[in-house]
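S.K.: Sharing a structure with you now.
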Amino acid sequence: MSNNFLISGKPGSGKTTLVTKVVAALDTAGFKAGGFVTEEIKEGSTRVGFAVRDLKGDEAVLAHMNYKGKPRVGKYGVDLNAFEEIALAALRLGRDEADFLVADEIGRMEIKSDTFRATVLEVMNSVLPLLATIPEAGDEFISDLKRRDDIEVYIINTRNRDELEGVIYEAMREKLSC
């Protein structure tokens with residue numbers, strides 16, 4: 001049985017929304033999550049960056065068009081220190097306090113952090129189930145994650161995103177009930 005549940009899809013396909021719904025449903029069933037999500041930062045209708053928020057509500061700017069530092073992903077400067085401060089702390093705390101972990105997203109910006117890459121592998125090798133999002137395409141690290149034997153990859157699109165909530169919920173509930 002898979003221990004790691006990965007949701008993959010195009011940007012804007014609903015990956016974060018799906019994760020949030022599955023986490024809420026599992027919480028209602030009595031299972032506690034630990035980890036983080038990323039969300040768009042918008043000015044009007046224009047995306048200008050991304051925030052990282054742990055599941056307790058602490059957040060920081062992960063990447064922004066106005067951030068001049070390195071590394072850069074497309075038009076965004078990525079603040080690795082801010083990301084690591086929120087995401088890594090949330091995953092480490094979650095290993096001690098939660099029934100399962102959430103990493104939204106294991107994406108191009110986030111994997112610029114070598115420490116995050118190592119933590120992702122530690123988490124995936126642990127006994128705690130992981131619910132994570134990954135991009136459709138990525139570098140070798142992302143491709144290697146998709147090839148692991150202990151994962152289930154769900155491809156989200158506009159036709160199946162509502163149905164996937166129940167499918168992933170049931171798979172994770174079954175895993176968590178073992």
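S.K.: Working carefully through the options E110, E163, E140, E136, find the one that is over 27 Å from D96 (Cβ atoms), among the acidic types (D, E) and in contact (Cβ under 8 Å) with a residue 60 or more places away in the chain.
M.R.: Just a single option satisfies the conditions, and that option is E136.
S.K.: Further question on the same structure: Looking only at region 97-135, filter to residues that are more than 11 Å from the chain's Cα centre (by Cα) and of a type in the set (D, E, K, R); which one of those is nearest to S177 (Cα to Cα)?
M.R.: D99
S.K.: Which numbered condition trips up L62, out of (1) surrounded by fewer than 17 Cβ atoms within 10 Å (Cβ to Cβ); (2) touching a strand residue (DSSP E or B) at 6+ places or on another chain (Cβ under 6 Å); (3) among the hydrophobic types (A, V, I, L, M, F, W, C)?
M.R.: (1)
S.K.: OK, next. Does R95 meet the test of being of a type in the set (K, R), surrounded by fewer than 20 Cβ atoms within 10 Å (Cβ to Cβ) and within 30 Å of G30 (Cα to Cα)?
M.R.: Yes: the conditions hold for R95.
S.K.: If L6 passes every condition in (1) part of a helix (DSSP H, G or I); (2) touching a residue at least 12 places away in the same chain (Cβ under 8 Å) but one, which one does it miss?
M.R.: L6 satisfies all of (1) part of a helix (DSSP H, G or I); (2) touching a residue at least 12 places away in the same chain (Cβ under 8 Å) except (1).
S.K.: Scan region 83-97 and give yes if some residue there is charged (D, E, K, R), at pLDDT 95 or above, farther than 23 Å from S8 by Cβ and part of a loop (DSSP other than H, G, I, E, B), otherwise no.
M.R.: Checked against the condition, which is being charged (D, E, K, R), at pLDDT 95 or above, farther than 23 Å from S8 by Cβ and part of a loop (DSSP other than H, G, I, E, B), region 83-97 yields no hits at all.
S.K.: Still on this structure, please answer the following. Out of the residues in region 29-40 that are touching a strand residue (DSSP E or B) at 6+ places or on another chain (Cβ under 7 Å) and more than 22 Å from G138 (Cβ to Cβ), which is surrounded by the fewest Cβ atoms within 10 Å (Cβ to Cβ)?
M.R.: The extreme case among them is F31.
S.K.: Within region 96-119, which residues are acidic (D, E) and within 16 Å of V52 (Cβ to Cβ)?
M.R.: Passing the criteria: D104, E105, E110.
S.K.: Right, something else. Tell me, please, whether a residue that is over 27 Å from K75 (Cα atoms) and hydrophobic (A, V, I, L, M, F, W, C) can be found in region 132-149.
M.R.: Checked against the condition, which is being over 27 Å from K75 (Cα atoms) and hydrophobic (A, V, I, L, M, F, W, C), region 132-149 yields no hits at all.
S.K.: Further, regarding this structure: I'd like the full set of residues that are free of Cβ contacts under 8 Å to residues at least 40 places away in the same chain, under 16 Å from V120 (Cβ atoms) and not acidic (D, E), limited to region 79-96.
M.R.: Correct list: L80, F83, L88, A89, R92.
S.K.: Could you grab me the full set of residues in region 21-52 that are of a type in the set (D, E, K, R), in a helix (DSSP H, G or I) and in contact (Cβ under 8 Å) with a residue 24 or more places away in the chain?
M.R.: Hit for region 21-52 is K21, nothing else.
S.K.: Residues that are at pLDDT 95 or above, at positive phi and not acidic (D, E): does region 101-109 have at least one?
M.R.: Within region 101-109, none of the residues are at pLDDT 95 or above, at positive phi and not acidic (D, E).
Residue-by-condition table, conditions (1) surrounded by 15 or more Cβ atoms within 10 Å (Cβ to Cβ); (2) aliphatic (A, V, I, L, M); (3) touching a Lys or Arg at 6+ places or on another chain (Cβ under 7 Å); (4) assigned to a loop (DSSP other than H, G, I, E, B):
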residue: F116; (1), (2), (3), (4): yes, no, no, no
residue: V123; (1), (2), (3), (4): yes, yes, no, no
residue: G138; (1), (2), (3), (4): yes, no, yes, yes
residue: S143; (1), (2), (3), (4): no, no, no, no
residue: R159; (1), (2), (3), (4): no, no, no, yes
residue: D162; (1), (2), (3), (4): no, no, no, no
residue: Y169; (1), (2), (3), (4): yes, no, no, no
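S.K.: I would also like to ask the following. When only residues in region 145-157 that are over 22 Å from F31 (Cβ atoms) and out of contact with any Gly (no Cβ under 9 Å at 6 or more places or on another chain) count, which is surrounded by the fewest Cβ atoms within 10 Å (Cβ to Cβ)?
M.R.: D149
The values are calculated or read from the model by the stated rules, or taken from the named source; none is laboratory data. Just so we're clear, the structure is a prediction, and the values are computed from it rather than from any experiment. Ideal geometry is used to build each Cβ from the backbone, glycine not excepted, and the neighbour counts take in all protein chains shown.
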